[in-house]
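First comes the structure, then the notes that go with it.
Bear in mind that the values in this text are calculations on the coordinates, not laboratory data. Values in this document were obtained by computation on a predicted structure and should not be read as measured data. We place every Cβ from the backbone using ideal geometry, glycine too, and count neighbours over all the protein chains shown.
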Ligand code: ARG
């Protein structure tokens, strides 16, 4: 529970770093007397020697409002590590979870840490493919989690608009004689069309590739001002177009960066530093390379133009001075592992204010089979449109779809479709390759985004039926829950594990931890909805306590869904 963590971080600094590795399972003890809610932290082995000392200071620490009734240390036994066990005062435990008024906001112990997350980072010209989709939605969740925990968080999108292939693209624009208007209307599709046309032409006429190289060299040198201006224009259109897809996905960025900002003319200083530090070595063919783990990786081409790695090194160092980050996460597919290894080692060797621990390549595997039913999926927009269309078809066939809802149906179908796609991608461990299936992604009963939305709608509609009750005036009552069917305490304890799932998700950089928690929460809520009726209950006191429980379930589910980037629906 965040509150204990905060108290510990502030008052017992020797535990502050240890907190990062602690687990916070809320344990439910034996019924029927419902036992006592407890929180257990595994004590890192480094601190095991100081058990006695720690216990003394924990006992001396006055936890706010006597929320913690008792603290014990269970010494390590055999292979299981020592644990700190906090026993919570049950009435305050119930109040903290169920009160409808917002908790006072405590300053976060992590506010001084600045986390920069780079994600999405598609290339213009090439379609926004599923790899970029995975980066976009995983990166968004990781940034959300850090922000939620109070870290200072910056979201970056580093768009690829540079490299020799962009000479080809520039040539394609000339070949097809594309008007500015056409480009503005659908820049992503149009740029792709130009790229395909230029590639085709290059296959037939070898001199085209040569021309493309010249064009790119002119771009790099910045000598052709018309072309440079045109390039800026295309980038502007691309961002406008991408923003539409990002909006549908509930994703945003604090800053857009372009690879071209780190073109040859802008990064001479960095290249010179690399040379004088002896990190850049000339090859006999004129290229310059860095040597990382015994491998020679090109940074500068023989004609002096920059490569991907050169631009990334310059971008990283620029980010270090601009953001003074504590950590920089790159959410990019497994395929670029060597690139990031070279990037991190070279940059850390060049700048002694930078350590390898600050840098992390958050890798992920491939998604197979995400295409439309016609077998086409070039653009992400097609996939999202397809999800929306399938949802529309399903709804129109469903006998339970209430036509009298005054809803913007198209909007609801889009949100459901997006939820299905997002959750299907997020529920996998990120390093695994994953087979996407529409059938699986769209089930109401399986572990899907539709299930999260459906449960949220059910809770909303129940609470809506009692909208005249002012829950703010009702005091949660632990004794009541101890006498209810077990489903009530199950749901209460599930709510108590929310903070833990956020913490673990952040620690492991795995959205699936939070996603799986939310599936469990939905199951607990569904069972409770079935076993703890509100309308049919004659005892008013019971009714009110149940409403408080469902109110908290809805609030927690909603918050969890928002952390995943979903827009919780009230009706579907
Ligand atoms: N634009 C690149 C691609 O699509 C990904 C960029 C990843 N980020 C980075 N800093 N290199 O392959």
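Of note:
- The mean sequence separation of alpha-carbon pairs under 8 Å and at least six residues apart, normalised by the residue count of the chain, gives a relative contact order of 16 percent.
- Counted over the chain, the DSSP beta bridges are approximately 50% antiparallel.
- Take the Cα of residue 186, step 7 Å toward its Cβ, do the same at residue 293, and the gap between the two points is 4.2 nm.
- Beta bridges per DSSP with both ends in segment 73-187, % antiparallel, nearest 5: 35 percent
- With the simple model of a label 7 Å out from the Cα in the direction of the Cβ, residue 357 to residue 112 spans 1.5 nm.
- Relative exposure of 200, 542, 229, judged by other C-beta atoms within 10 Å (fewest first): 229, 200, 542
- Alpha carbon centroid spacing (whole Å) that separates segment 245-265 from segment 174-207: 22 Å
- Stokes-Einstein diffusion coefficient of segment 74-194, Kirkwood radius over Cα pairs, 10 °C, 1.306 mPa s, in µm²/s: 81 µm²/s
- Label point 7 Å beyond Cα of residue 277 along Cβ direction - residues of segment 332-366 with amide nitrogen under 15 Å: 341-359
- Scattering profile of the chain at q = 0.08, 0.10 Å⁻¹ [log10 I(q)/I(0), Debye over alpha-carbon scatterers]: -0.67, -0.96
- Virtual spin-label span in nm between residue 255 and residue 527, 7 Å along Cα→Cβ: 4.8 nm
- Neighbour counts of C-beta atoms inside 10 Å place 512, 522, 457, 397 in the sequence 397, 457, 512, 522, starting with the fewest.
- Dividing the summed helix terms, -39500 (n - 2.57) for each DSSP H run of n ≥ 4, by the number of residues in the chain produces a 222 nm estimate of -17000 deg cm²/dmol to the nearest 500.
- For residue 486 and residue 60, a Förster radius of 30 Å and the Cβ-Cβ distance give a FRET efficiency of 0.25, rounded to the nearest 0.05.
- Gained length - residue 47 relative to residue 479, 0.36 nm times residue gap less alpha-carbon distance: 151.8 nm
- Placing R0 at 41 angstrom, the Cβ-Cβ distance between residue 318 and residue 81 gives a FRET efficiency of 0.45 after rounding to 0.05.
- The simple Förster model, with R0 at 25 Å and r as the Cβ-Cβ distance, assigns residue 174 and residue 285 a FRET efficiency of 0.25.
- Relative to the current alpha-carbon distance between residue 327 and residue 409, full extension at 0.36 nm per residue lengthens the span by 25.3 nm.
- As a length-normalised measure over Cα pairs under 8 Å and 6 or more apart, the relative contact order of segment 119-244 settles at 28 percent.
- Measuring max minus min along each principal axis, the C-alpha atoms of segment 380-563 give extents of 52, 45, 24 Å (largest first).
- Extension gain from residue 349 to residue 210, taking 0.36 nm per residue of separation minus the Cα-Cα distance: 46.4 nm
- Convex hull per residue volume in Å³, alpha carbons only, for segment 230-295: 175 Å³
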